[in-house]
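*Asks:* Next up is a structure, given as structure tokens.
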Amino acid sequence: MTLSTPLLAAAPLVAGLLGPALVGATPERHSSVVPPPPAAATRLPEAPAPADVVEHIAARGAADHLRVLSYWTPDRMDNALPIDLPGLVTEGGLLSGLTGGTGLGVAPGVTGGDVRLVPPRRGTRAEARHQSARPLAQTSGSRWAVGGAVARTTGRVFLTMNGVDFVCSASTVRSRNRDVVVTAGHCVKDGSGAWAKNWTFVPGYGTNGAKPYGQWTARRMFVAGPWSRGSDDSYDVGMVALAPSRGRHVADVVGVQDIAFNAPRGGHAIGFGYPADPPYDGRHLVYCAGRLRDDPYGDTHDQGLGCDMTAGSSGGPWLTRFDTSTGRGTITSVSSFKYSDDRRTMYGPILGEPARKLFHTAERA
């Protein structure tokens with residue numbers, strides 16, 4: 001099976017560097033990686049079947065929410081650093097860990113002295129070249145500079161998993177309880193492993209200040225059974241019900257995007273997120289735009305989008321029927337993973353019946 005790389009970015013605290021370390025493996029450097037079969041020799045698997053919903057209670061009261069808000073100090077958010085350990089590759093190509101053995105992982109016994117920290121590159125030339133006052137119909141990664149609803153509804157997620165701090169992306173969606181955000185499953189639960197802790201959503205991160213609209217903490221989390229039991233990439237979707245902040249629901253403050261299930265395959269989409277690995281720095285909303293295409297290897301039911309966004313963009317929304325003048329569209333997928341031999345294509349799961357079931361459960365939470 002072709003190796004895939006989920007797009008988490010690590011943000012370890014000083015204390016965390018004395019314990020497990022995050023590994024960003026580069027499998028193409030390992031001689032045991034076998035090139036994928038030709039696209040013509042494969043075909044898509046059957047669409048994901050209806051799946052059970054697995055739920056986690058993230059907070060039981062006001063004290064739990066206050067603890068999470070206190071945990072994420074400005075310094076902890078601002079100093080979140082991706083980790084680069086290019087030499088630590090197992091025989092299978094990647095270290096198992098946070099994403100069920102298919103991507104970034106935690107390597108027990110690796111101390112802070114062995115970790116090479118890569119500081120965020122702020123205002124790099126690479127980012128500056130990809131800015132446009134007018135939205136582009138096709139781009140592999142440009143800074144979103146025209147505002148609109150999407151600049152408020154998309155946000156950055158901060159979480160802790162297996163003792164390591166991470167960043168992801170997410171979006172608000174229209175829901176009955178006005179509390180639901182959608183993200184990637186691996187930004188909520190480590191496959192068959194642990195649930196995320198200290199989970200908080202900052203919409204519009206980096207615009208008009210780090211937290212221009214406030215900060216919301218998770219109260220309940222939901223993933224599909226096949227993701228929870230086996231890290232199946234076709235089910236890499238998570239729904240999170242947030243607690244009100246200062247008595248206000250997140251949807252009432254920043255608005256929402258529509259969400260659709262069982263949308264037709266193909267067509268044009270635009271994906272958003274907060275990539276944090278160079279040449280990006282996680283401080284700006286970035287987008288990719290283009291036509292969707294099927295997974296050429298047939299390993300998943302996902303679709304691909306030409307996109308060079310890096311770690312930290314996981315869980316960012318993919319929108320169709322997007323109106324660039326208002327910044328509104330319909331979410332039909334989220335950023336999930338990249339294949340190890342193709343870093344220019346992002347893949348996202350189809351939001352089918354399993355995702356619909358997750359959503360309806362979350363909006364009733």
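Laboratory data are not the source of any read-out in this text; all were calculated from the coordinates shown. This structure is a prediction, so every number in the text was calculated from the model and none was measured. Note that we place each Cβ from the backbone using ideal geometry, even for glycine, and neighbour counts take in every protein chain shown.
*Asks:* Relative contact order for the stretch 166-249: what is it in percent, counting Cα pairs under 8 Å that are at least 6 residues apart?
*Replies:* Working: 147 pairs, mean separation 27.9, N = 84.
The normalised contact order for the stretch 166-249 reaches 33 percent.
*Asks:* Which value in nm describes the separation of the simple spin-label points at Asn208 and Asp52, placed 7 Å from the Cα toward the beta carbon?
*Replies:* Output for this residue pair reads 4.5 nm.
*Asks:* Can you list the lysines whose alpha carbon is less than 28 Å from that of Lys338, not counting same-chain residues fewer than 8 positions off?
*Replies:* Lys338 reaches Lys189, Lys197, Lys357.
*Asks:* Can you give me the orientation-averaged projected area of the convex hull built on the Cα atoms of the stretch 177-233, in nm²? Before the final figure, lay out the partial values.
*Replies:* Details: hull surface 18.8 nm².
Dividing the Cα hull surface by four gives the mean projection, 4.7 nm².
*Asks:* Right, next: Please compute the net charge surrounding Leu292, taking Lys and Arg as +1 and Asp and Glu as -1 over other residues with Cβ under 14 Å from its Cβ.
*Replies:* On the way: positive: Arg265, Arg291, Arg293, Arg321; negative: Asp294, Asp295, Asp302.
Result for the local shell: +1.
*Asks:* Could you pull out the trypsin sites (Lys or Arg not before Pro) across the stretch 187-266 that fall in loop regions by DSSP (anything but H, G, I, E, B) with no more than 10 other Cβ atoms inside 10 Å? Don't skip to the end; give the middle numbers.
*Replies:* Working: sites: Lys189, Lys197, Arg219, Arg220, Arg229, Arg246, Arg248, Arg265; in loops: Arg246, Arg265.
Sites meeting the loop and neighbour criteria: Arg246.
*Asks:* Sort Ser333, Ser175 by Cβ crowding within 10 Å, fewest neighbours at the top. List each step's numbers first, then the result.
*Replies:* Values: Ser333 28, Ser175 23.
Ascending number of Cβ neighbours within 10 Å: Ser175, Ser333.
*Asks:* Compute the separation of the alpha-carbon centres of the stretch 315-365 and the stretch 165-220 and state it in Å as a whole number.
*Replies:* 14 Å
*Asks:* Calculate the spin-label point distance for Asp258 paired with Ala194, positioning each point 7 Å from the Cα along the beta-carbon direction, and give it in nanometres.
*Replies:* A separation of 4.1 nm, rounded to one decimal place.
*Asks:* On a full-extension model of 0.36 nm per residue, what is the gain between Arg246 and Glu353, subtracting their alpha-carbon distance, rounded to one decimal in nm? Each step should come with its number before you reach the end.
*Replies:* Details: separation 107, 0.36 × 107 = 38.52 nm, distance 3.41 nm.
Gain in length upon complete extension: 35.1 nm.
*Asks:* Now a separate question. Testing the spin-label approximation: label points 7 Å from Cα along Cα→Cβ at Arg344 and Arg134. State their distance in nm.
*Replies:* 2.5 nm
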